[in-house]
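Accompanying notes for the structure given below.
The values are calculated or read from the model by the stated rules, or taken from the named source; none is laboratory data. Just so we're clear, the structure is a prediction, and the values are computed from it rather than from any experiment. Methodologically, a virtual Cβ is constructed for each residue, glycine included, from the backbone with ideal geometry; neighbour enumeration extends over all protein chains shown.
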Amino acid sequence: MSGLRAPRDAPGQAHLYLREEQIRLTYEAMLLAWRELGATCDLLQRENQLGSAHHRVLFLVSTHQGLTMSALLRRLNITKQSLNRVLQELLTRGLLEQRSDERDKRVKRLHLTPQGSAIEEEIFIALRDRMTLAYRAAGGQAVEGFRRVLATLQGEGSI
């Protein structure tokens with residue numbers, strides 16, 4: 001276990017995947033995987049003069065068309081000021097648009113423009129291809145287990 005701290009497992013933790021060493025290795029693997037997924041997006045983001053914050057907004061609005069700003073704030077867990085800066089850039093560039101809600105005109109819903117949708121799709125295809133390779137290598141049971149772990153880490157229990 002070179003470079004890792006000495007294990008301090010809680011009493012009764014018999015499962016190998018619950019031991020501190022395994023949790024540390026898993027967390028490190030998640031950090032490195034996140035870095036690699038980010039690198040998958042970097043070139044396409046730079047080509048489109050976008051940062052990772054812009055990409056996160058485009059992705060979430062694409063996945064949840066009609067998302068409100070308050071719902072987006074909750075999902076991203078960032079300040080209103082930070083989100084507003086990114087939204088204004090995307091709106092100005094014509095990648096995102098706000099539409100009034102049909103029932104309550106005070107509520108503004110976010111939608112991708114065709115140009116924003118094309119950019120988001122291009123970046124997502126690169127991510128999808130990378131993740132598909134990993135999912136195929138792991139197998140269906142592992143993928144479902146991984147999704148449950150991620151959902152629990154998010155506080156959702158299950159997806």
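Kindly indicate which of THR40, THR63, THR79 is touching a residue at least 60 places away in the same chain (Cβ under 8 Å) and among the β-branched types (Val, Ile, Thr).
Residue meeting the stated conditions: THR40.
Tell me which residues, restricted to region 108-127, are closer than 20 Å to LEU37 by Cβ and surrounded by 12 or more Cβ atoms within 10 Å (Cβ to Cβ).
ILE119, GLU120, GLU121, GLU122, ILE123, PHE124, ALA126, LEU127
So ARG93 clears everything in (1) more than 18 Å from the chain's Cα centre (by Cα); (2) exposed (fewer than 11 other Cβ atoms within 10 Å of the Cβ) except one condition, right? Which one?
(2)
Determine which single condition LEU76 fails, assuming it passes every other condition in (1) under 23 Å from ARG35 (Cβ atoms); (2) at pLDDT 95 or above.
Checking LEU76 against (1) under 23 Å from ARG35 (Cβ atoms); (2) at pLDDT 95 or above, the one that fails is (2).
Being free of Cβ contacts under 8 Å to residues at least 12 places away in the same chain and of a type in the set (A, V, I, L, M, F, W, C) is the filter here; which residues of region 108-126 pass it?
Within region 108-126, ALA118, ILE125 meet the criteria.
Tally time: how many residues in region 109-140 are touching a Lys or Arg at 6+ places or on another chain (Cβ under 7 Å) and of a type in the set (Lys, Arg)?
1
Pairs under 9 Å by beta carbon, first residue loosely packed, with under 11 Cβ neighbours inside 10 Å in region 17-29, partner among the β-branched types (Val, Ile, Thr) and assigned to a helix (DSSP H, G or I), six or more apart or different chains?
From region 17-29, the pairs are TYR17/ILE23; TYR17/THR26.
Taking region 61-77, which residues are surrounded by 15 or more Cβ atoms within 10 Å (Cβ to Cβ) and either among the charged types (D, E, K, R) or more than 14 Å from the chain's Cα centre (by Cα) (or both)?
LEU67, THR68, MET69
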